[in-house]
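Notes for the one structure printed next.
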Amino acid sequence: MQCNQPEAQKICEKLAAQLHQQSRFALGVTHLPKQMTSNMELRIQCGGINGLVSCVSPVETLDTSSGSPVDLYRLIQQAIIEYGSLDQLPYPKVAQSISQWKPKRRTRRKE
């Protein structure tokens, strides 16, 4: 995750660390390897963000139905307002989204 503002980067890094810590069960491992596969990392990040979106009250910039990117910093701020801190997020629900997230299948071109 890369953020433009130092304050936003700090909070995004904290969320990423929390998602990694809370995702072991969702990924079916007892501990996360130091070198994770790109698929594991994508599941944690994408599934974690989807889970966070589902846990937070709708905010006008969080409309994911349009296919537009989510303002992650604003999403995290809304989650903190609702739950008090990143430590208090409903991680079991977020972990469920992590375990359900699947990458889109590549389609083969017809030649």
> Fully extended, how many nm does the chain gain between Lys14 and Val70 (0.36 nm per residue separation, minus their Cα-Cα distance)?
Replying inline: 18.4 nm
> For a label point 7 angstrom out from the Cα of Asn39 toward its Cβ, which stretches of the range 73-111 have the backbone nitrogen within less than 13 Å?
Replying inline: 101-106
> Tell me which lysines have Cα within less than 20 Å of Lys93's Cα, excluding those fewer than 8 residues away on the same chain?
Replying inline: Lys14, Lys102
>> What distance in nm separates the two pseudo spin-label positions at Ser54 and Gln77, each 7 Å out from Cα along the beta-carbon direction?
In response: 2.6
> What relative contact order, as a whole-number percentage, does the chain give when Cα pairs under 8 Å and 6 or more residues apart are counted?
Replying inline: 34
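A short reminder: the numbers here are calculations on the coordinates, not readings from a lab. The structure presented is a predicted model; accordingly, all values stated were derived computationally and were not measured. Cβ coordinates were reconstructed from backbone atoms using ideal geometry, including for glycine residues, and neighbour counts include every protein chain displayed.
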